[in-house]
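The structure under discussion appears below in the form of C-alpha cells.
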Amino acid sequence: MEGATLAGKLAAQVVAAKAKGLPTVGIKAVQQHVIEQAPQHKVKPPPGVKGEGAIAFGAGAVLSKNDEEVLKVMDPEQLVVLG
C-alpha cells in the first residue's frame, strides 16, 4: 500500500508541474551498486504467494470464453459493465 501511495503522489507531482508549465524532476538514475549487483541476482519465489494466477499477483486476468459463459449464468450484470 505504501508503494501505491508513493506512486500516486509522484504521478500527481508530475501532472501538477506539467499543468503549471514547470519542469518535472525527470527519471531517477539507477544507482551504481544496483547495476553492479544485478549479474549476481538469484531469482527467488515471492514469499507468501501461492499459485500462478492473477489473484496471486494482483491482476492480469483475461476473461476467457468459458469464464464469460459462467458469468452470463452467475452474474450477467457484470457483462453489461464489461461490455
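Quick look at the numbers
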quantity	calculated
Between 0 and 90°, nearest 10: helix 65-74 axis offset from the chain longest Cα axis	60
Among Pro39, Pro23, Pro47, residue whose mean-square fluctuation peaks in a GNM of the chain (springs only between Cα atoms under 10 Å)	Pro23
Sites Thr5 and Met74, calculated FRET efficiency, Cβ-Cβ separation with R0 35 Å, nearest 0.05	0.55
Cα-based helix-to-principal-axis angle, 2-20 vs the chain, degrees rounded to 10	70
222 nm mean residue ellipticity, helices alone, for the chain (DSSP H n ≥ 4; -39,500 (n - 2.57); rounded to 500)	-16000 deg cm²/dmol
From the C-alpha gyration tensor of the chain, square roots of 5λ in Å	37, 26, 10
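No lab work stands behind these numbers, since they all come straight from the coordinates. Every value quoted in this text rests on a predicted model; they were computed, and no experiment measured them. All Cβ positions, even for glycine, are placed from backbone atoms using ideal geometry, and neighbour counts span all protein chains on display.
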